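The values are calculated or read from the model by the stated rules, or taken from the named source; none is laboratory data. From a predicted model like this one, the values you see are computed outputs, not experimental measurements. A quick note on method: Cβ atoms are made from the backbone with ideal geometry, for glycine too, and the neighbour counts reach across all protein chains shown.
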Amino acid sequence: MSVNRPTRGYRVFQGVNGVILTLVVIVTLYPFVNIVARSFSGERQIRAGEVALWPKGFNLTTYKIVFQDSMFWRNYGNTVLYTVVSTVIAMVLTTCYAYVLSKKQLRGRGLLVGIAVFTMFFTGGLIPNYVLISSLGMKNTIWALAIPNAISVFNLLVMKAFFESLPTDLEEAAQIDGLSTYGILLRIVLPLSKAVVATMILFYSVAFWNSWFAAFLYMDSTELMPVTVYLRNLISGATGGGNAGAATEQLSQVGANIQSVTIVLTALPILCVYPFVQRYFVSGVMLGAVKG
């Protein structure tokens, strides 16, 4: 029995492909590794350009300043709360809207799709949005962050395309068995949509976690701010907490690595969550490529 061995050209292709992918990984990882190294390095070494992949002049002053500030932990808790609540609201609204739009027999379906797509190109503007949020009494509440950004049209269209690719026979069989529309969605459609649901959760959670401008605009109290606004103020030289003066004075000694510290602290939770949803994420981003 003969065994088909790879041709010389194929082996060359594998070698070149491996080299290119290795270079891509290095180019991708280097900036983040450099940021981590800078966050633990001294100011003099950073300004001198001596920090590459390993910390120089090991320094934990900035981390201590941030961790010892009670306002940091309060704002961090706010971020977790805002992200969880906003993601839940966004997923419920996006899933329901996408499921409705996936039904070709729905009257007015084209109009509903057009309304959603219209918002991708035209918005009300910053001042009208601010006036609207204020007039609805949502300032200084979580709803000012969650409701206006509850539906991403891109995510909506991706979920709509996925729902359209599911076999209609399953839903028809469920209807014969007596399931309602909500029963079909919860017991048939969603269990088959784990990949796209996990992908959308990742997209929404990252967006809400990194968001800072909406909170900066609609939150008046520093106790209501998310950690991204706290870190933004920290870079500006004021934490907004009770020990802002002391923190500002200390930060003047570690100003070179404050940006690196803030990037690490902001990205760390997402990096910890991503491995658990990676397999769903890969399947979710590929859903459009295999649709017939």
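From the list T95, T119, the lone residue that is in the same structural domain as F162 (by TED's automatic domain parsing), in contact (Cβ under 8 Å) with a residue 40 or more places away in the chain and polar (S, T, N, Q) is T95. Could we say that I127 is hydrophobic (A, V, I, L, M, F, W, C) and within 30 Å of E223 (Cα to Cα) here? Judged against the criteria, I127 is a match. For first residues located in segment 38-65 and at positive phi, partners that are polar (S, T, N, Q) and surrounded by 13 or more Cβ atoms within 10 Å (Cβ to Cβ) and lie 6+ apart or on another chain with Cβ distances below 9 Å form the pairs G57/S41; G57/Q45.
Cβ-Cβ contacts under 9 Å between residues 6 or more apart (or on different chains), taken from a first residue in segment 153-180 that is outside any helix (DSSP H, G or I) to a second residue that is among the charged types (D, E, K, R) and surrounded by 14 or more Cβ atoms within 10 Å (Cβ to Cβ), are listed as L179/E171. What are the residues in segment 123-152 that are within 16 Å of T199 (Cβ to Cβ) and not in a loop (DSSP other than H, G, I, E, B), if any? Matches in segment 123-152: none. Here segment 66-79 is the region considered, the condition is being of a type in the set (A, V, I, L, M, F, W, C) and free of Cβ contacts under 8 Å to residues at least 12 places away in the same chain, and the residue that is surrounded by the most Cβ atoms within 10 Å (Cβ to Cβ) is W73. Condition (residue is modelled with pLDDT of 80 or more and either assigned to a helix (DSSP H, G or I) or out of contact with any Lys or Arg (no Cβ under 6 Å at 6 or more places or on another chain) (or both)) applied to segment 249-261: is it met by at least one residue? Within segment 249-261, one or more residues are modelled with pLDDT of 80 or more and either assigned to a helix (DSSP H, G or I) or out of contact with any Lys or Arg (no Cβ under 6 Å at 6 or more places or on another chain) (or both). Determine whether segment 143-155 contains at least one residue that is surrounded by fewer than 18 Cβ atoms within 10 Å (Cβ to Cβ), more than 27 Å from V80 (Cβ to Cβ) and either of a type in the set (S, T, N, Q) or not assigned by TED's automatic domain parsing to the domain that holds L81 (or both). No: zero hits.
Of all residues in segment 29-46, exactly one satisfies the criterion of being surrounded by 13 or more Cβ atoms within 10 Å (Cβ to Cβ) and of a type in the set (K, R), namely R38. If the condition is being within 16 Å of M71 (Cα to Cα) and of a type outside the set (D, E, K, R), then segment 213-224 contributes A215, F216, M219, S221, T222, L224.
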